[in-house]
Amino acid sequence: MPAIHSKLPDVGTTIFTQMSALAARSKALNLSQGFPDFDAPPALCEALAKAVMDGHNQYPPMAGIPALREQLAVQLQLHRGVSCNPDTEITVVPGATEGIFCSIMACVSAGDQVIVLDPCYDSYSPAIRMAGGESVHVPLLPTTFQPDWDAVRAAINTRTRMIIINSPHNPTGATLAAADLLELERLAEEHDLLVCSDEVYEHLVYDGKQHHSVLQRPGLRERSFAHYSFGKTFSVTGWKTGYCIAPPDLTDELRKVHQFVAFVAVTPIQHAIAEFLASQPHYPATLAQEYQRRRDLFCNALTKSPFTFTPSAGTYFQLLDYSAISTASDTQLCREWTEDRGIASIPVSVFYQQAPPQHLLRFCFAKRDDVLLEAAEILCRI
Ligand code: PMP
Ligand code: GLN
């Protein structure tokens, strides 16, 4: 047997895969891994079937088909009031995970440090390590999960190359305010940092608030990769298609990596989304209202439960604090409740390098009303 020198010796299977498998084995309601249990808009599915039947089945251009990139530039203008060049600044990728990986691989070298804000999405750190870099974990403030910009400033040194931000935030549902982007802009300019901005839940922001994108701040626009996922926007997580917007010099570097990691994203999916967006450009803006309704349905059904919570500001995740119910660890409790109570969730501690003493589980509310009500009923009985 050859010796294997693992690149990621301490990494196992992701918590999402583990919990979805346990939910299936236990026949539990699966509110763990984030995916909708309802269908995509029928017109989008029909457009995909048509694209396949029309013969759009060979390699597309490496950066994505022009028709889709043009629609994405229209979307950016429509929702964020920002213009971009679809040829030189937009790259269609097979999922935001790949886009994020490529942006890190393109710009982080051996010895570089990258700041991540804990709790953070599980793909960031392994990507940084595979690029030869080192992730520096700065915790978000407890309870509010807002960035502690003084702590971020204190973590910056001459080796700091990039900072990764995520708003709306998985797993906490917190969102960044315009003032946060101003702080970030100041820091990034002062220390010449690159920014990798994970904005995959951009359209899921509630209570009348707006999403704030790095693309809207000129000082961030010139140094940021902004990542998006059609999986979230169109309820098709299994289609694994997204895109990255970055200035031309950063886009060039991203594409150099992307062309050798995946080369392209799936052709007929690109045609289907281009056609759908051309005919329904305002569809993404309708999502917030519908998801807020689901959030409120779930939260209202939990008001008499012993859980404490603040309704999520964004994403399709709701955190519940079980301090009044148990002192068990979140990893242990979420397994127990999946097996014994028939409800699966995600423990929040796994998204930290060093988790604080808190008792939080994440529940995905991108589910049908009957599933949300049944889940809440189980949780109220606990
Ligand atoms: N970032 C965050 C915060 C996510 O929740 C997800 C969802 N899986 C992704 C990135 C990856 O998206 P995709 O499925 O398009 O790779
Ligand atoms: N983003 C999804 C979540 O947070 C899961 C994606 C995955 O399974 N890798 O639940």
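Things to note:
- Cα shape, the range 190-248, gyration tensor, a/c 1.5 rule: oblate
- Along the chain, the exposed loop sites are trypsin sites (Lys or Arg not before Pro) outside DSSP states H, G, I, E and B with at most 13 other Cβ atoms within 10 Å, and the longest stretch free of them is 28-158.
- Within the chain, the proportion of C-alpha pairs whose separation exceeds 35 Å stands at 24%.
- In nm, spacing of pseudo-spin labels at GLN280 and ASP150 (7 Å Cα→C-beta vector): 4.8
- Annotation: amide H-H contacts under 5 Å for ASN166 (H modelled 1.01 Å from N, sequence separation of 5 or more, or interchain): ASP198.
- Portion, in percent, of the accessible area of the range 5-133 that falls on carbon or sulfur, probe 1.4 Å: 57
- By the rule of a C-alpha distance below 14 Å, with chain neighbours fewer than 8 residues away ignored, the aspartates and glutamates paired with LYS50 are GLU275.
- Sequence-distant lysines (8 or more away, or on other chains) whose Cα lies within less than 19 Å of LYS27: LYS367
- Remark: the range 244-258, residue by residue, has Karplus-estimated 3J(HN,Hα) of 10, 10, 7, x, x, 5, 6, 4, 4, 5, 4, 5, 4, 7, 3 Hz, where x stands for each Gly or Pro and the curve is 6.51 cos²θ - 1.76 cosθ + 1.60 at θ = phi - 60°.
- Taking only the C-alpha atoms of the range 197-338, the Rg (one decimal) and the largest Cα-Cα distance, Dmax (whole number), read 19.1, 54 Å.
- With each label modelled as a point 7 angstrom along the Cα→C-beta vector, the GLN259-GLU46 pair spans 3.9 nm.
- Karplus-based coupling profile of the range 120-133, in residue order and whole Hz: 10, 4, 6, 7, 5, 4, x, 5, 4, 5, 5, 7, x, x, with θ = phi - 60° in 6.51 cos²θ - 1.76 cosθ + 1.60 and x standing for Gly or Pro.
- Extension reserve of the THR143-ASP10 stretch, reckoned as 0.36 nm per residue once the Cα distance is removed: 45.0 nm
- Karplus 3J(HN,Hα) series, Hz, for the range 301-311 with 6.51 cos²θ - 1.76 cosθ + 1.60 (x for Gly, Pro): 6, 9, 4, 8, 7, x, 6, 10, 6, 10, x
- Taking a point 7 Å out from the Cα of LYS209 in the direction of its Cβ, the residues of the range 297-314 whose backbone N falls within less than 14 Å of it are 310-314.
- The chain - share of DSSP beta bridges that are antiparallel (%, nearest 5): 45
- Loop chymotrypsin sites (Phe, Trp or Tyr not before Pro), the range 140-213 (other Cβ atoms within 10 Å of the site Cβ: 12 or fewer; DSSP): none
- Amide H within-cut-off set for PHE317, under 5 Å, with H built and near neighbours excluded: PHE365
- Rough spin-label spacing in nm, given labels placed 7 Å along Cα→Cβ, for ALA110 and THR17: 2.8
- Only Cα pairs under 8 Å and 6+ residues apart enter the sum, and on that basis the relative contact order of the chain stands at 25 percent.
The values are calculated or read from the model by the stated rules, or taken from the named source; none is laboratory data. Not measured: the values here are computed from a predicted model. Neighbour counts run over all protein chains shown; Cβ positions are idealised from the backbone, glycine included. The accessibility values were calculated without ligands, DNA or RNA, using every heavy atom of the protein model including side chains. Shrake-Rupley method; radii C 1.70, N 1.55, O 1.52, S 1.80 Å.
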